[in-house]
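Colleague: I'd like to ask some things about the structure below.
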Amino acid sequence: MTYSTYPTGKVRTVTGDVSPDSLGTVSAHEHLWVGPSLMTSLEPEFLLNDLERTVTGVKQFIHSGGKALVDALPLIEGRSARALREISNRTRVPLIAMTGFHRLKYYSGGHWIHSQSANELAEILICELQNGMDERCSLGPKPVPTDIRAGALKIATEFHHVPNRTEVLIEAVILAHHATGSPIMIHIEQGTAAHAALDLFESHDVPLEAIMLSHADRNPDRVLHKELASRNCYLGYDWMGRIKVRPDSVVYELISELTTAGYANRITLGLDLVRRTYWPSYGGGPGLQYLFGEFVPRLRSFGISDGDIQLISATNPQKWLTFRAPLNLPREK
């Protein structure tokens, strides 16, 4: 594995730093491994800990035209850097892992994220990005790095609001971004509180083109999406294939509206397959192959040009995942 001290202009995968255009088509929000944890005790279907089944699913993704994947599980019990590297090695798929923090409900009341300062939390995140991810996940707070580095930061807001403690976690993510230039994913619960979250980052000089708003399409308000796109962040559309909930036409029409308005360069795609019932290898569907095997090809029938499909499928996620020049270098120990 080859990692740069500061990977400006590169994408950081679990097997090393690569050029952005080497990624090809990208699913920008997936979950490939979730081990037993508080999160899986709350959501048993989130348990994704069978390596063979995951490898089978990733190979199906490759056969459908997919080239690279983002695993969106941040610093939390259940994440495994070693499992992600094994998946990448066995399938030869570039895989970007995350550090950062999930929704507060997925951490126990006594967890150290509730008591550490923003500066202390930022040091942990910087370590995961620059030195290596902690395989112990939430047993810290002093990290024990592996030789596998995270390639993006994540933070999660709540339904229609940003809790006070989450603001501290956001401050930590901001500090880590300024120290490393890392891309950022913001989980916006049900597509809400997006402007509030962006305002916090913008007020601390984070360029909004470094940010992707995951789950934006869960609130398919076209006026809102144009407002958000005009701020130059990326909109993560990642709730396709949920036919029991809504038809995919909702997302196709949203993409058509945004591309017509000139915002094709602000959209990324993923499937967020965090439930066992979403994986054919676990006995469900639609599976990772759905994105590039079925959803993306149908974009043409909604009037989306090949150029815009290339932007949405490859160029946009490649640009989002690229490390920028750090604003502030980490303090010397």
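Colleague: Would you mind finding the one in ARG103, ARG92, ARG82 that is out of contact with any His (no Cβ under 6 Å at 6 or more places or on another chain) and under 13 Å from TRP33 (Cβ atoms)? Don't jump to the end; show me each part of the working.
Modeller: Details: ARG103 fails: under 13 Å from TRP33 (Cβ atoms); ARG92 fails: under 13 Å from TRP33 (Cβ atoms).
Result of the check over ARG103, ARG92, ARG82: ARG82.
Colleague: Scan region 108-123 and give yes if some residue there is part of a strand (DSSP E or B) and either touching a Cys at 6+ places or on another chain (Cβ under 8 Å) or not acidic (Asp, Glu) (or both), otherwise no.
Modeller: Among the residues of region 108-123, not one is part of a strand (DSSP E or B) and either touching a Cys at 6+ places or on another chain (Cβ under 8 Å) or not acidic (Asp, Glu) (or both), which makes the answer no.
Colleague: Output yes when any residue across region 51-65 is of a type outside the set (D, E, K, R) and under 22 Å from ALA179 (Cα atoms), and no when none is. Before the answer, list the steps.
Modeller: If we filter region 51-65 for residues that are of a type outside the set (D, E, K, R), which is where we start, we get 51, 54-58, 60-65.
Subset that is under 22 Å from ALA179 (Cα atoms): none.
The answer is no, given that none of the residues of region 51-65 is of a type outside the set (D, E, K, R) and under 22 Å from ALA179 (Cα atoms).
Colleague: Within region 46-86, which residues are among the β-branched types (Val, Ile, Thr), closer than 19 Å to TYR282 by Cα and in contact with a Phe, Trp or Tyr (Cβ under 7 Å, 6 or more places away or on another chain)?
Modeller: THR54
Colleague: Moving on to the next point. How many residues does region 17-35 contain that are in contact with a Gly (Cβ under 7 Å, 6 or more places away or on another chain) and either surrounded by fewer than 18 Cβ atoms within 10 Å (Cβ to Cβ) or within 19 Å of GLY78 (Cα to Cα) (or both)? Full working, then the answer.
Modeller: Residues of region 17-35 in contact with a Gly (Cβ under 7 Å, 6 or more places away or on another chain): 25, 27-30, 34-35.
From what's left, either surrounded by fewer than 18 Cβ atoms within 10 Å (Cβ to Cβ) or within 19 Å of GLY78 (Cα to Cα) (or both): 29-30, 34-35.
Here the count works out to 4.
Colleague: Regarding region 41-48, can at least one residue be identified that is touching a Pro at 6+ places or on another chain (Cβ under 9 Å) and either surrounded by 14 or more Cβ atoms within 10 Å (Cβ to Cβ) or of a type in the set (Ser, Thr, Tyr) (or both)?
Modeller: Our first condition is that a residue be touching a Pro at 6+ places or on another chain (Cβ under 9 Å); within region 41-48, this holds for 47.
Checking the rest, the ones that are also either surrounded by 14 or more Cβ atoms within 10 Å (Cβ to Cβ) or of a type in the set (Ser, Thr, Tyr) (or both) come to 47.
Looking for residues that are touching a Pro at 6+ places or on another chain (Cβ under 9 Å) and either surrounded by 14 or more Cβ atoms within 10 Å (Cβ to Cβ) or of a type in the set (Ser, Thr, Tyr) (or both), one finds at least one in region 41-48, hence yes.
Colleague: The conditions are (1) crowded, with 17+ Cβ neighbours inside 10 Å; (2) in a loop (DSSP other than H, G, I, E, B), and PHE295 fails exactly one of them. Which is it?
Modeller: (2)
Colleague: Restricting attention to region 144-166, report how many residues are surrounded by 16 or more Cβ atoms within 10 Å (Cβ to Cβ) and either under 19 Å from HIS111 (Cβ atoms) or of a type outside the set (Ser, Thr, Tyr) (or both). I'd like the intermediate steps shown before the answer.
Modeller: Taking region 144-166 first, the residues surrounded by 16 or more Cβ atoms within 10 Å (Cβ to Cβ) are 146, 148-158, 162, 166.
From what's left, either under 19 Å from HIS111 (Cβ atoms) or of a type outside the set (Ser, Thr, Tyr) (or both): 148-158, 162, 166.
Residues in region 144-166 being surrounded by 16 or more Cβ atoms within 10 Å (Cβ to Cβ) and either under 19 Å from HIS111 (Cβ atoms) or of a type outside the set (Ser, Thr, Tyr) (or both): 13 in total.
Colleague: Filter region 125-143 down to the residues that are surrounded by fewer than 21 Cβ atoms within 10 Å (Cβ to Cβ) and either not hydrophobic (A, V, I, L, M, F, W, C) or not in a loop (DSSP other than H, G, I, E, B) (or both) and list them by number.
Modeller: Here is the first cut: in region 125-143, the ones surrounded by fewer than 21 Cβ atoms within 10 Å (Cβ to Cβ) are 131-132, 135-142.
ASN131, GLY132, GLU135, ARG136, SER138, GLY140, PRO141, LYS142 - these are the residues of region 125-143 that are surrounded by fewer than 21 Cβ atoms within 10 Å (Cβ to Cβ) and either not hydrophobic (A, V, I, L, M, F, W, C) or not in a loop (DSSP other than H, G, I, E, B) (or both).
Colleague: Applying the selection to region 144-170, what residues are in a loop (DSSP other than H, G, I, E, B) and touching a strand residue (DSSP E or B) at 6+ places or on another chain (Cβ under 9 Å)?
Modeller: Initially, region 144-170 is screened for residues in a loop (DSSP other than H, G, I, E, B), giving 144, 146-151, 157, 159-160, 162-163.
Passing the criteria: VAL144, THR146, ARG149, ALA150, GLY151, THR157.
Colleague: Check whether at least one residue in region 101-122 is surrounded by fewer than 17 Cβ atoms within 10 Å (Cβ to Cβ), closer than 22 Å to PHE292 by Cα and without any contact (Cβ under 8 Å) to a residue 40 or more places away in the chain, and report yes or no.
Modeller: no
Colleague: Which residue out of ILE267, ILE312 is crowded, with 22+ Cβ neighbours inside 10 Å, of a type in the set (A, V, I, L, M), under 17 Å from MET185 (Cα atoms) and in contact with a Phe, Trp or Tyr (Cβ under 7 Å, 6 or more places away or on another chain)?
Modeller: None of the others qualify; the one that does is ILE267.
Colleague: Need the failing condition index for ASP199 against (1) buried (at least 20 other Cβ atoms within 10 Å of the Cβ); (2) without any contact (Cβ under 8 Å) to a residue 60 or more places away in the chain; (3) among the acidic types (Asp, Glu), just the number.
Modeller: (1)
Quick note: the coordinates plus some simple rules give every number you see, no bench work behind them. All figures in this text were calculated on a predicted structure; none of them were measured in a lab. Ideal geometry is used to build each Cβ from the backbone, glycine not excepted, and the neighbour counts take in all protein chains shown.
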